[in-house]
Amino acid sequence: MTPIEELPTAVARRPRGARWAWFVPLVALAAVAWIGWRTWAETGPRIVVRFAEGHGLAAGAEVRYRGIAVGRVRSVGLSEDGEAVVARLDLGEEGGRFAQDGARFWVVRPQIDLESGVRGAETLLGARYVAALPGAGEARHDFDGLDEPLLVPEARAGDLEIVLEAAERGNLDVGTPVTYRDVKVGVVLEVALAPDARSVEATVHVPEEFTPLVRERTAFHFAGGVDAEWGTRFLFLEFGGQLARVLSGGAVALAVPPDPGPPVGSGHRFAIRAAPEEEWAEWRPSIPLGPEPAVEGGGLPTPVAARLTWKAGIFGREKSASGWVLPLAEGLLGPLDLLRAPEDADEGSARLTVGGEPIPLSLPPRVCGDGVGVLEASYDGPRASVRPRELAEPVDLLALRGDGEPALSIAARHQRLTSVGLAVDP
């Protein structure tokens, strides 16, 4: 028997690469943690929206704002009492704006409207989705969805809301269009009895681009009705307005007189007539629509009265000429015969005043058109941030008038270029 001390001794050796074995699970754990963190970071708030009807909404549907997906519907089901449809929404990383008080949600689905055609047409073949508008209040995670799409999804600062008063409701309803020359320029948002129950009041929204039509003396009347006349052998129907408006209940139309008065602000009240006066059909005022030229301090550029005086002849007889100039950032824009001394003026006798302020004539004006120029001069009043340019073809323009008169809008089709300037139809 071999003594124990003579038996061979085992030598423990670390397997090749064993020192790196622990690194693999650590890397995997780090990857899982990074993926989890990214998923958490890219996931926004979870909110609950209750709708009266589901309209075919299903889990996985998108939540969209201005056509861009900002989240998804996680689940759709009935509330505990079965009175509502509960949709749970997972919003994206920028979803915080939609989890604030004032946010609004509605289900987009196909809807046929005689006035505006098919709304939600993209859902005819595709899935329903939730449209969202952001809020601006405190954080919130529980909302009541809208039954119908908003008539005015996003109001702008320049929009107008007015109140129309009628003796009877007539065809006034939420969504009733307000038209001008058969063009939709507003919509009825709400209809209710007046606080004293003596009349019906309708709140009307007018988009910014059409607010110049609503003036102090603008008139409103019901439109789109049907007049019937019958005899023993015939029935004659006369439709007022477009057939679509007749079938949908009619509309409210407005008419603007030649002297419309100043613009009104939100909350202004107008009475609705049952029918228009005969003379209203003849009203065709020129009212500028669209953005106004910019001017320092706001508003339209304002022409300023100018007067040029000088002495002429051996007896020094005093002469004068008057007109209007427009103060610009680079100087005074106006007729050349107002901005420089006449040829017959005695030397040093010409004097120019603009708005009662004396303007030196030491520098000649810069000619920028036939009979028009710009005089470099300091002027204390507001200046328009526009630049003079020559026209290569007629364009829609505003004719500015002094003495507080409203600007006159002149469409390009009423103009023509001549060898001496721009000619306007009578």
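The values are calculated or read from the model by the stated rules, or taken from the named source; none is laboratory data. None of these values were measured; they are calculated from a predicted model. Here Cβ is always computed from backbone atoms with ideal geometry, including for glycine, and neighbour counts include all displayed protein chains. Protein only, heavy atoms only, side chains kept; ligands, DNA and RNA dropped before computing areas. Shrake-Rupley method; radii C 1.70, N 1.55, O 1.52, S 1.80 Å.
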Where in the stretch 162-206 are there trypsin sites (Lys or Arg not before Pro) that are in a DSSP coil and have at most 14 other Cβ atoms within 10 angstrom of their Cβ? 169, 181, 198
Could you give me the ³J(HN,Hα) list for the stretch 67-73, computed from phi with Karplus coefficients 6.51, -1.76, 1.60 and θ = phi - 60°, whole Hz, x at Gly and Pro? x, 10, 5, 10, x, 9, 7
Share of carbon and sulfur in the accessible heavy-atom surface of the stretch 132-232 [1.4 Å probe, %]: 50
With all protein chains present, how much of the accessible area of the stretch 304-389 (probe radius 1.4 Å) comes from carbon and sulfur, to the nearest whole percent? 52
With a cut-off of 18 Å, note down the residues of the stretch 86-105 whose backbone N falls inside the zone around a label point 7 Å from the Cα of residue 59 toward its beta carbon. 86-91
Taking R0 as 35 Å, what's the FRET efficiency between residue 413 and residue 385 from their Cβ-Cβ distance, rounded to 0.05? 0.80
With every protein chain left in place, what is the accessible area per residue of the stretch 340-426 in square angstrom, probe 1.4 Å? 69
Specify whether the C-alpha gyration tensor of the stretch 339-388 places it in the rounded, prolate or oblate class, a ≥ b ≥ c being the square roots of the eigenvalues: rounded for a/c under 1.5, otherwise prolate if a/b is larger than b/c and oblate if not. oblate
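Between residue 181 and residue 168, what length comes free when the chain is fully extended (0.36 nm per residue of separation minus the Cα-Cα distance, one decimal in nm)?
This chain segment gains 2.3 nm when fully extended.
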Added length on full extension, which subtracts the Cα-Cα distance from 0.36 nm per residue, residue 152 to residue 363: 70.5 nm
Eigenvalues of the alpha-carbon gyration tensor of the stretch 300-363, times 5 and square-rooted, give semi-axes in Å, largest first, of 23, 11, 9
Full-stretch length increase - residue 273, residue 319 - with 0.36 nm per residue and alpha-carbon distance subtracted: 11.0 nm
